[in-house]
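A.B. asks: Starting off with a structure, shown below.
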Amino acid sequence: NQILEDRVPEILETCAQTIGVRRASMWQFAEDRAAIHCVDLYDLETRQHTSGQTIRRVDFPAYFSAIEHARLIAANDAHKDPSTRDFSVPYLKPNGIGAMLDIPLHQNQSVSGIMCLEHVGDARHWTAEEQNFTLSVANLIVLALTDADRREANSRLAESESRARQIIDSAHDAFIGMNSDGEIVTWNAQAAKTFGRKAEEVLGKKLAETIIPHAFREGHRRGLRRFLESGEAPVVNQTLELTALNREGTEFPIEITITNPIRSNHSYFFGAFIRDISTRKQREAELKQAKESAEAATHAKSDFLANMSHELRTPLNGVLGYAQLMQRSQTLTADQRESLDAISKCGSHLLDLINDIL
């Protein structure tokens, strides 16, 4: 964090010089609040900054309880003060510290860290002026941290919005955003391609007067009013097939999915993914026509087979049957028998042809 790297060391140096203490430091809570970590510790005598030390809650529970509930800890005798005496052997004596003045850093309704002034030497009485000055300095640190958090949050938000815009602009579907007044507020690259209108041509204009056919505009307005009055949104998260208008005012089929409305201050944001399905509809129509043609051909074939069987094969079987009966007669002349043989032979050949066709 650039704020911690740049401002905090300078603030600690100024505070140590003004109050006249050997050591001034700032600590931050770990995410699980089980410890505090030293962000910067300034030693006035050596003019050096160090960091990285860690103090665990389990080792100093009284101190952690105090910094989370007290306005400040003014330990005139740090070896005897209930909040700091646990530090006597492991921390105070090795560093020659006799008094401590610790200010909890309150940020976002919780303690995010501590500013600590440590007097090297015997016990020291912290005056009201020193305490008030230290509180003011701690407030400066909190302001710096808050400003840093705000800048970081704004940066993350801007980055997130940039990524979202890139994703939306690179989407294969058109994406259109509308506010509670029915005005277009988002129009991605695919929307420009789908409807033939650039974003600057449509942003701020009424959606109903831009891409919705005249026959459906009043229904669109009624649906928007109903949602704003009652919260009813039956078309949300459903894929619908509707028609839309392009730049030339020509209607074409679309597939649309409306996302959940997003509340922002006193307005709503409505988003919709739209896909031009003209090609798909054309293919569906061609498939339907091909299916109907195939069905018609099937019916024609069935009719043909039925006619061949009923109108030709059935009578021909009768002719062949009677010819065979007549051939059994003993009274036929040679010419008659030859004629019957010809009828039978030609009939049988014709029946074979009909059977092959069927």
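A.B. asks: Which of the trypsin sites (Lys or Arg not before Pro) found in the range 18-119 are in a DSSP loop and have at most 13 neighbouring Cβ atoms, other than their own, within 10 Å?
C.D. replies: Filter output for the range 18-119: Arg33, Arg47, Arg71, Lys80.
A.B. asks: Here's another thing I want to ask about it. Loop only by DSSP, 14 or fewer other Cβ within 10 Å of the Cβ. Give me the GluC sites (Glu not before Pro) in the range 5-49 that pass, ordered by residue number.
C.D. replies: Passing sites in the range 5-49 are Glu31, Glu45.
A.B. asks: Note down the Stokes-Einstein diffusion coefficient of the range 212-349 in µm²/s, whole number, using a Kirkwood radius over alpha carbon pairs, 10 °C, and 1.306 mPa s.
C.D. replies: 71
A.B. asks: Rounded to the nearest percent, how much of the accessible area of the chain (1.4 Å probe, protein heavy atoms only) is carbon and sulfur? Provide the component values of the computation, followed by the final result.
C.D. replies: Values: 11180 of 21640 Å².
Reported share for carbon and sulfur atoms: 52 percent.
A.B. asks: State the Cα centre-to-centre distance between the range 1-80 and the range 297-358 in whole Å.
C.D. replies: 116
A.B. asks: Counting every Cα pair in the chain, what percent are over 28 Å apart?
C.D. replies: Above the 28 Å cut-off, the chain has 69 percent of its Cα pairs.
A.B. asks: Let me ask another. Towards the positive end of the charge dipole of the chain, with charges on Cβ (+1 Lys, Arg; -1 Asp, Glu), say which of Ser51, Asn355, Phe64 has the farthest Cα.
C.D. replies: Asn355
A.B. asks: What is the Rg over Rh value, at two decimals, for the range 1-89, using alpha-carbon atoms and the Kirkwood definition of Rh?
C.D. replies: Here Rg/Rh amounts to 0.97.
A.B. asks: In bins 5 Å wide, starting from 0, what share of all Cα pairs of the range 163-279 does each bin hold, as a percent?
C.D. replies: Whole-percent P(r) values from 0 Å outward: 2, 12, 21, 28, 21, 11, 4, 0, 0.
A.B. asks: A follow-up question, please. Probe of 1.4 angstrom, ligands and nucleic acids ignored: what's the accessible area per residue over the chain, in square angstrom?
C.D. replies: It amounts to 60 Å² per residue over the chain.
A.B. asks: Per-residue ellipticity at 222 nm for the chain, helices alone: DSSP H runs ≥ 4 residues times -39500 (n - 2.57), over residue total, nearest 500 deg cm²/dmol? List each step's numbers first, then the result.
C.D. replies: Values: 9 runs with 165 residues, N = 358.
Helices in the chain give a 222 nm mean residue ellipticity of -15500 deg cm²/dmol.
A.B. asks: Take the alpha carbon atoms of the range 218-275, find their center, do the same for the range 84-153, and report the distance between the two centers in whole angstrom.
C.D. replies: 56
A.B. asks: Could you derive backbone 3J(HN,Hα) for the range 269-278 from the dihedral phi with the Karplus parameters 6.51, -1.76 and 1.60 (θ = phi - 60°), listing whole Hz in sequence and x where the residue is Gly or Pro?
C.D. replies: 10, 10, x, 9, 9, 10, 10, 6, 10, 4
A.B. asks: Given the pairs Lys198/Lys281; Lys198/Lys291; Lys206/Lys291, which span a C-alpha to C-alpha distance of over 31 angstrom in this model? Let's see the in-between values first.
C.D. replies: On the way: Lys198/Lys281 26 Å; Lys198/Lys291 40 Å; Lys206/Lys291 42 Å.
Those over the limit are Lys198/Lys291; Lys206/Lys291.
The values are calculated or read from the model by the stated rules, or taken from the named source; none is laboratory data. None of these values were measured; they are calculated from a predicted model. Note that we place each Cβ from the backbone using ideal geometry, even for glycine, and neighbour counts take in every protein chain shown. Please note that ligands, DNA and RNA were not included when accessible areas were found on the heavy atoms of the full protein model with its side chains. Shrake-Rupley method; radii C 1.70, N 1.55, O 1.52, S 1.80 Å.
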